[in-house]
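Report on the structure given below.
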Amino acid sequence: MRSLRARLSVAFVVIAVLTTALSLTLGTYTWRTLFRQYVEQRQQAAHTHPGTEEPPRHFGTRERAFQTRVREAIWGGTAASAGIGVLLALWLAGRIARPVSDLTRAARAIAGGRGAPPVAVSGHDEIAELGRAFNRMAAQLAADEQQRRRLFAGITHELRTPLAVIQGTLEGMLDHVIEPTPERIAGLHGQTLLLGRLITDLRDLSLAQAGQLELHPRPVDMATLVSDAIEAFAPSFQDRGIAVELSVPEALPRLDADPDRLRQVVQNLVDNALRYTPRGGTVRITLGADNGDVRLAVADTGQGIGSGDLPHIFEHFYRTDESRARSSGGTGLGLAIVKSLVEAHHGRVTVDSRPGAGSTFTVTLPAPQREGA
């Protein structure tokens, strides 16, 4: 018997039969003992009152008939109890084994690469909790599989575009249809740089999400780091006619973090704000302390993000404006990298945005605890 339901059924039936047999034995012994005591009491009463007729020492016809009826009643009740017990045992075994069978079928479906519907769960016992945990695991696996497919599709799409440009241009040059002018060569160089950034971003993102990104923490002054990043973007701000404002408090806790990775976070956020802020707009960068943590906010005066896009804004290759983001040279991985790097430093990143009101990305990083605090 390999089936759990069969084994449980046999176990419960054996228990029901043994319990019934024990009850029968005890019941028979008890009523025989009580009946003998009743007869003996009658005999003692006859000896105590000499005028009464002494009852026979052995059971008479009426006693035997009564004994037979009692025995039949006990056996009949025992048989009925045994039948009810067996039925209850089979029902209970099926009720216990059914959720396990459902979990087994769902697990086999997942192992076979097929999606499994949620397992029906009722109650609050250990099996019900197992079912809920399995449903959460199955949902997470389905979400991970969907994200993996989107990632592969995004990688294929992002690689195809620059490669198609490079291939088409080079073939035109080989066929003497396109002249290899410095401008066209510079365009090809730009496409190769885009491919290089995409590969680097994919590597950083995969390492960060797998928890294998190597960090080199040391004391970091966020004010200096942000100021250097803004200085590096100064020509881009000037070319696009966008103003940049920096607000830094006088006393700001130093962080114990990897400065290169934090610089990457700041650069990605500033670059994202720069891409989506129109000419004449403003990018505001604010540093502050929040309950001992360091808070970095990057706000722009761009078009904002719709409520339907906000839950997906940190996903791989997700863009609210496909043509505009791709034409500006972005890989579609900047915000996903920001989220992974911030979480690698045990921080969090949030976004607040409304259409037409711009967006504000806020990064909160934990400051190191002071000794004796």
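Computed from the coordinates by the stated procedures, all read-outs in this text should not be read as laboratory data. Just so you know, these numbers come straight off a predicted model, no measurement behind them. Quick reminder, even Gly has a Cβ in these numbers, built from the backbone with ideal geometry, and neighbours come from all protein chains shown.
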Next on the checklist: Under the rule a/c < 1.5 gives rounded, and otherwise a/b versus b/c splits prolate from oblate, where does segment 224-263 land using the Cα gyration tensor?
Outcome noted: oblate
Item to check | Among 292-301, 344-353, the order from most to least packed when residues are scored by Cβ within 10 Å on average | outcome: 292-301, 344-353
Item to check | Sorted peptide list for 252-261, 99-108, criterion being average Cβ within 10 angstrom, highest first | outcome: 252-261, 99-108
Item to check | Filtered GluC sites (Glu not before Pro), segment 173-260: DSSP coil and at most 14 other beta carbons within 10 Å | outcome: 214, 250
Checklist outcome for this item: Computed ³J(HN,Hα) along segment 166-174: with the Karplus parameters 6.51/-1.76/1.60, θ = phi - 60°, integer Hz and x for glycine or proline, the list is 5, 4, x, 5, 5, 5, x, 5, 5
